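Take this structure, written in structure tokens, and hold onto it; I'll ask about it next.
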There are 2 protein chains.
Amino acid sequence: MRNVQQKLAIARGEKPAELLFKNAQLVNVLSGEIHPADVAVEDGRVIGFGDYMAKTVIDLKDAYLAPSLIDGHFHVESSLLTASEFARAVVPHGTGAMVIDPHEYANVLGLDGIRYVLESTKNLAVDFFIMLPSCVPATQLETAGSRLTADDLKLMIADERIAGVAELMNYRGVFLGIESELAKIEAGKGKVIDGHAPGLRGKNLNAYALAGIRSDHESTELEEAREKLRLGMHILLREGSTERNLDHLLPLINAHNSANCSFATDDRLPGDLVHEGHVDHCVRKVIVAGIAPMTAFQIATINTARHYRLRNFGAIAPRYWADFVVFDDLKNFTARQVYKKGVLVAEHGKYLAKSPEATPLPRSTMNVRYDAAKDFTVKANGGTKIKIIKIIPDQIVTKQLIETPKVENGEIVSDTARDILKLVVVERHRATGKVGVGFVRGFKLKNGALASSVAHDAHNVVVVGTNDTDILSAILQLEKLQGGLVAVADGEVKAELGLPIAGLVSDKPLDEVIQHMAGLNAAAHALGTDLAAPFMILSFLSLSPIPELRLTDQGLIDSVYLRHTNLFAAA
Amino acid sequence: MRNVQQKLAIARGEKPAELLFKNAQLVNVLSGEIHPADVAVEDGRVIGFGDYMAKTVIDLKDAYLAPSLIDGHFHVESSLLTASEFARAVVPHGTGAMVIDPHEYANVLGLDGIRYVLESTKNLAVDFFIMLPSCVPATQLETAGSRLTADDLKLMIADERIAGVAELMNYRGVFLGIESELAKIEAGKGKVIDGHAPGLRGKNLNAYALAGIRSDHESTELEEAREKLRLGMHILLREGSTERNLDHLLPLINAHNSANCSFATDDRLPGDLVHEGHVDHCVRKVIVAGIAPMTAFQIATINTARHYRLRNFGAIAPRYWADFVVFDDLKNFTARQVYKKGVLVAEHGKYLAKSPEATPLPRSTMNVRYDAAKDFTVKANGGTKIKIIKIIPDQIVTKQLIETPKVENGEIVSDTARDILKLVVVERHRATGKVGVGFVRGFKLKNGALASSVAHDAHNVVVVGTNDTDILSAILQLEKLQGGLVAVADGEVKAELGLPIAGLVSDKPLDEVIQHMAGLNAAAHALGTDLAAPFMILSFLSLSPIPELRLTDQGLIDSVYLRHTNLFAAA
């Protein structure tokens, strides 16, 4: 209490504060005004507004001072970065707090993954709040590294930095009242329960909301978002690297409902974070589109802090953390300076925070078993037609095609002429030896193979290739790297990025990761693909809950009816 | 979980709901729209919107359907009614939930008083959430029935219906960092901490907010409210029986900040509740003043539910309680029907809810000791000038005057000609025998005495009278009644209202209380007063924290400097 009393004495003006931000145009998201203010700061917190004595005075000369921005829903693994390198990417953009769902870590490492995330997100220039992954594994149709039940969630829910239960993607399970799913909602009682229900409407959506789901970030259509908002769901306006819904949803926002909206970026590649931006990109975008700047800042700050109950975040007022963004142009928001708990952590796009000591890495997770290349052969067995997965550029959904395969020596092989390439998924968590083989159209590789240990949601190894030798080389290289992304041709590694942390995340600095990603994309393009983000596309080909056809370590999956299906089409 | 699953089946449309409110114009405070909807209800909760089967269909024929209203801060004792009779007064006005501070019960009965309130507010047609009184006793300058420390608050804070810690009226203690006061804030950690800081501005207000205070209902001036709002305090726009701040504060509200505002009525007499209204009166008033109806309803519902974390209150959406108001005119809001958890509880102003079984009353509290009338005599002792309390009509503050008293037989006596009347306060909790005697101007009684066991904040017995015989009769009558209000003349009771529950609240029905209050006021007027609410004025004359001069059982109080003072003025 001594410390509190000292701060109160400073607030009363009896002792000098550490810092005074003089002559600010304060973006006050609480009173809904921009007003002049001098803001005193002590011990990382705002003390008060007024003419205070201070050890250090920072004259803002009428620059704007806003609370740091908050991302309402993000999977930090999608950046391929550790939390501390992720901070390096987003802090210069004005981000001060994140609500994250460590869904991928949890699929690979279970509770250990969540504990690693809790540990590795401490003491950074961004505060992280964690939603407990609710759908591990995502389905029974692939072999994940772990399984989390409601009882597991209860073990961790009380932690102060756990904000609730993450997106209940098994929305059918929820609206049908499956006990295991309702138990997960119950486990989050008193905290926030996030939803994920793309396209869900009408009575089943009513049931989903009734079960206790209070947010959604999957609306792609305006009327879908409006229906969810009417039903009391907090709307996370998403602008990810691939999922870009902001333009569609903008007309939803008005003065009477914006309190129920937040920005979220969900999945975002490191290059996009650095070059296009983060939540600041959303703020710029909506202001250009005509939303009142005050509303934009509220959506980017206090609304999210309130929904997720991030106490003392999202506004500039006494007792709130001194997380500030200094900027000069309301119509083209660009952070000039960023402060975390009163410390300057970025200026003119340059990251200035010290990195804390590295968190010990979790156990290695590449644990594969297969019988060399012969596991990847597919006997034709007289079948004449096969199902192949067709990629839809810029979308996560796939189509199923029926084609006559190319057969050599009684085995079905890749056919580069018709862009039918072999796709292999190898279980990598428990050395079960499970291998799924199928075929895919859309990569247009003429040579070599691309492999990834990022493969939603179970994150087994997924490889696409023109020949079995390169497919095998790629897998061997991923084993060596303890997970990663690799482009191989003629038995030679053309480019790679090791992802030794759970096979999902690099242990390298931000700029190296961006550089390696560029190298990988260049190598893949050299091998013939014209996909903008071939490794991201590859990583989604195992995603069994999304239509139409997928491949997991358990084989080909009809992801419309969520069941196994045969490679060979009925004649 | 069975029950949840059954409700989900109804939401999915597989089974009929209990109720369907068809053809509503739904006041959707979440999406900020009024839109047509059919609303299904089961087991007291909203199930969903849509074309549902239902056992009972209520065709609203395009009438408006809004969530029931919520009062953000109220002392239910001020109505002189038990909770169940209070419900009778406010439910027909559309009130569905209350945030109450049982400050008066706690001053008399301590934790037992709060337990009585928890018990007696169950299962009513209004839901009650309770803030734990933080200032019992209000000061050391009078003898209260109890004392609550932070440790006491901790005993009760976990209860689901305890929303937090009530108004920290000792605002000096808070901004000065007095440990006992900070400990009370700490006791409320994780719940809501209410403020009370009339006129506090500038650095001391910064300190008050910094200590963790997140609301205020005492702003009387616009700029004061604006400053508090900027500092992150939720603004309770007050419209009580005497404290009427709504008109002054209206210009504060705009689309960007209304989420941080609620309505509160603080103290309201039973007649005002019935005739003028409750929160509905605030809604009407602000709409007439030009506030958008949607904003008015949000201030009256969801904003308050969110601030106090009243889960599933304040909106109409799946999982929320089916607390509805049906009405016909947006510009002159008048509840036609009121539903509580799907049950019709009022129609056309008529209360329809069943009263639950009466809660056992708390122990009796009238415990006085005095030595008949001679305790009330004041020897002149050669003093020539005395301090007298001057009432300011329609305000709580008093003034101090210096006058020459009327002396008879060496004793200072009431002087009706100059309107200087004797005022007596008798301790009534612990039979300490403490009696304070002073003089007051403003009542203009020509005969008799008025007495009250409601006397803020310690609720000792306070009597004003023209002669000691009637003063004594009045006290004797209050003893007989176990507390109450009484008007006496010539040794005869002219009118009375027993308040046997803690000496604060009647055990009688609403209409009887209103009738007795009218009788008391008429009797007081017949005795010569022209005050509109003489008993309310009387009840504030012991309020030691409010300037300038007060009388408690400990004697005359200089309430500017918060210290004892002598009746006799320095020559």
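What about A:LEU520, is it part of a strand (DSSP E or B) and within 22 Å of the chain's Cα centre (by Cα)? Outline the logic, then answer.
On the way: part of a strand (DSSP E or B): no; within 22 Å of the chain's Cα centre (by Cα): yes.
Here the answer is no, as A:LEU520 does not meet what is asked.
Right, another one. Give the residues of the stretch B:350-396 that are among the hydrophobic types (A, V, I, L, M, F, W, C), within 31 Å of the chain's Cα centre (by Cα) and farther than 28 Å from B:GLY113 by Cβ, sorted by residue number.
Selection gives B:LEU352, B:ILE388, B:ILE389, B:ILE391, B:ILE392.
Report the residue count in the stretch A:125-158 for those that are part of a loop (DSSP other than H, G, I, E, B), open to solvent by 10 Å² or more (accessible area, probe 1.4 Å) and out of contact with any strand residue (DSSP E or B) (no Cβ under 8 Å at 6 or more places or on another chain).
Total meeting the criteria: 9.
Let me ask you something else. Filtering the stretch B:36-48 down to residues that are more than 10 Å from chain A (Cβ to nearest Cβ) and open to solvent by 10 Å² or more (accessible area, probe 1.4 Å), which residue is farthest from B:TRP321 (Cα to Cα)?
First, the residues of the stretch B:36-48 that are more than 10 Å from chain A (Cβ to nearest Cβ): B:36, B:38-39, B:41, B:43-44.
Then drop every residue that is not open to solvent by 10 Å² or more (accessible area, probe 1.4 Å), which leaves B:36, B:38, B:43.
Working: B:PRO36: 19, B:ASP38: 16, B:ASP43: 9 Å.
Among residues in the stretch B:36-48 that are more than 10 Å from chain A (Cβ to nearest Cβ) and open to solvent by 10 Å² or more (accessible area, probe 1.4 Å), the one farthest from B:TRP321 (Cα to Cα) is B:PRO36.
Here is a follow-up. For B:LYS399, are the conditions met, namely being open to solvent by less than 40 Å² (accessible area, probe 1.4 Å) and either touching a residue at least 40 places away in the same chain (Cβ under 8 Å) or under 29 Å from the mean Cα position of the chain (by Cα) (or both)?
Considered against the rule, which asks whether it is open to solvent by less than 40 Å² (accessible area, probe 1.4 Å) and either touching a residue at least 40 places away in the same chain (Cβ under 8 Å) or under 29 Å from the mean Cα position of the chain (by Cα) (or both), B:LYS399 comes out as no.
Does A:LYS331 meet the test of being more than 14 Å from chain B (Cβ to nearest Cβ), surrounded by fewer than 16 Cβ atoms within 10 Å (Cβ to Cβ), among the basic types (Lys, Arg) and within 30 Å of A:LEU499 (Cα to Cα)?
The answer is no for A:LYS331.
Then there is this: What number goes with the only condition from (1) in contact (Cβ under 8 Å) with a residue 12 or more places away in the chain; (2) within 14 Å of chain B (Cβ to nearest Cβ) that A:GLY173 does not pass?
Going through (1) in contact (Cβ under 8 Å) with a residue 12 or more places away in the chain; (2) within 14 Å of chain B (Cβ to nearest Cβ) one by one, A:GLY173 breaks only (1).
Under 7 Å between Cβ atoms, which residue pairs at least 6 apart in sequence (or on different chains) link something in the stretch A:85-96 that is closer than 16 Å to A:CYS282 by Cα with a partner that is basic (Lys, Arg)?
From residues that are closer than 16 Å to A:CYS282 by Cα, the pairs are A:PRO92/A:LYS350; A:GLY96/A:LYS340.
Look at the stretch A:253-281 and say how many of its residues are charged (D, E, K, R) and open to solvent by less than 10 Å² (accessible area, probe 1.4 Å).
Selection size over the stretch A:253-281: 3.
Check B:LEU229 against each of (1) touching a Ser or Thr at 6+ places or on another chain (Cβ under 9 Å); (2) under 30 Å from A:ALA158 (Cβ atoms); (3) part of a helix (DSSP H, G or I) and name the one condition it does not meet.
In the conditions (1) touching a Ser or Thr at 6+ places or on another chain (Cβ under 9 Å); (2) under 30 Å from A:ALA158 (Cβ atoms); (3) part of a helix (DSSP H, G or I), B:LEU229 misses (2) alone.
Just checking, does the stretch B:384-407 include any residue being in contact with a strand residue (DSSP E or B) (Cβ under 7 Å, 6 or more places away or on another chain), basic (Lys, Arg) and not in a strand (DSSP E or B)?
Yes, that holds for at least one residue.
Still on this structure, I have one more. Does A:ARG244 satisfy being surrounded by fewer than 24 Cβ atoms within 10 Å (Cβ to Cβ) and on the phi < 0 side of the Ramachandran plot?
Yes.
What residue, among those in the stretch B:110-124 that are open to solvent by less than 10 Å² (accessible area, probe 1.4 Å) and part of a loop (DSSP other than H, G, I, E, B), is farthest from B:ALA83 (Cα to Cα)?
B:GLY110
A quick yes/no check of all residues on (1) within 11 Å of another protein chain (Cβ to nearest Cβ); (2) touching a strand residue (DSSP E or B) at 6+ places or on another chain (Cβ under 9 Å); (3) open to solvent by less than 10 Å² (accessible area, probe 1.4 Å); (4) on the phi > 0 side of the Ramachandran plot:
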{"position": "B:ILE34", "(1), (2), (3), (4)": "yes, yes, no, no"}
{"position": "B:LYS55", "(1), (2), (3), (4)": "no, yes, no, no"}
{"position": "B:ASP59", "(1), (2), (3), (4)": "no, yes, no, no"}
{"position": "B:ILE70", "(1), (2), (3), (4)": "no, yes, yes, no"}
{"position": "B:LEU81", "(1), (2), (3), (4)": "no, yes, yes, no"}
{"position": "B:PHE86", "(1), (2), (3), (4)": "no, yes, yes, no"}
{"position": "B:VAL99", "(1), (2), (3), (4)": "no, yes, yes, no"}
{"position": "B:HIS103", "(1), (2), (3), (4)": "no, yes, yes, no"}
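Out of curiosity, is B:ARG268 within 11 Å of chain A (Cβ to nearest Cβ) and farther than 15 Å from A:ASN257 by Cα?
Judged against the criteria, B:ARG268 is not a match.
What's the total number of residues in the stretch A:430-474 that are touching a strand residue (DSSP E or B) at 6+ places or on another chain (Cβ under 6 Å), within 16 Å of A:ASN367 (Cβ to Cβ) and not in a strand (DSSP E or B)?
3
Related question: Do you know which residues across the stretch B:198-218 are within 13 Å of another protein chain (Cβ to nearest Cβ), part of a loop (DSSP other than H, G, I, E, B) and either out of contact with any helix residue (DSSP H, G or I) (no Cβ under 8 Å at 6 or more places or on another chain) or closer than 20 Å to B:MET131 by Cβ (or both)?
Across the stretch B:198-218, the qualifying residues are B:LEU200, B:ALA211, B:GLY212, B:ILE213, B:ARG214.
Can you name the residue in the stretch A:219-237 that is modelled with pLDDT under 95 and away from chain B (no Cβ under 14 Å) and, of all such residues, is most open to solvent (accessible area, probe 1.4 Å)?
Among those that are modelled with pLDDT under 95 and away from chain B (no Cβ under 14 Å), it is A:GLU221.
Conditions first: (1) open to solvent by less than 40 Å² (accessible area, probe 1.4 Å); (2) without any contact (Cβ under 8 Å) to a residue 60 or more places away in the chain; (3) in contact with a Leu (Cβ under 9 Å, 6 or more places away or on another chain); (4) basic (Lys, Arg). B:ARG428 passes all but one, so which condition is the exception?
Of everything listed in (1) open to solvent by less than 40 Å² (accessible area, probe 1.4 Å); (2) without any contact (Cβ under 8 Å) to a residue 60 or more places away in the chain; (3) in contact with a Leu (Cβ under 9 Å, 6 or more places away or on another chain); (4) basic (Lys, Arg), B:ARG428 misses just condition (2).
Going through the stretch A:278-321 one residue at a time, which ones are more than 16 Å from A:VAL99 (Cβ to Cβ), within 14 Å of another protein chain (Cβ to nearest Cβ) and among the basic types (Lys, Arg)?
A:ARG319, the sole residue that qualifies.
A:LYS390 is checked against (1) more than 26 Å from A:LEU485 (Cβ to Cβ); (2) open to solvent by 50 Å² or more (accessible area, probe 1.4 Å) and fails just one. What number does that condition carry?
(1)
Between a residue in the stretch A:463-479 that is at positive phi and of a type in the set (D, E, K, R) and any residue that is in a helix (DSSP H, G or I) and at pLDDT below 95, which pairs come within a Cβ distance under 7 Å, given they are 6 or more apart or on different chains?
That search, which allows pairs on different chains as well, returns nothing.
Test of understanding: among B:LEU20, B:LEU30, which residue is within 11 Å of chain A (Cβ to nearest Cβ), at pLDDT 95 or above and either assigned to a strand (DSSP E or B) or open to solvent by less than 10 Å² (accessible area, probe 1.4 Å) (or both)?
B:LEU30
The values are calculated or read from the model by the stated rules, or taken from the named source; none is laboratory data. It should be emphasised that the depicted structure is a prediction, and the values quoted were computed from it without experimental measurement. Neighbour counts run over all protein chains shown; Cβ positions are idealised from the backbone, glycine included. We work out accessible area using only protein heavy atoms, side chains counted, and drop any ligands, DNA or RNA first. Shrake-Rupley method; radii C 1.70, N 1.55, O 1.52, S 1.80 Å.
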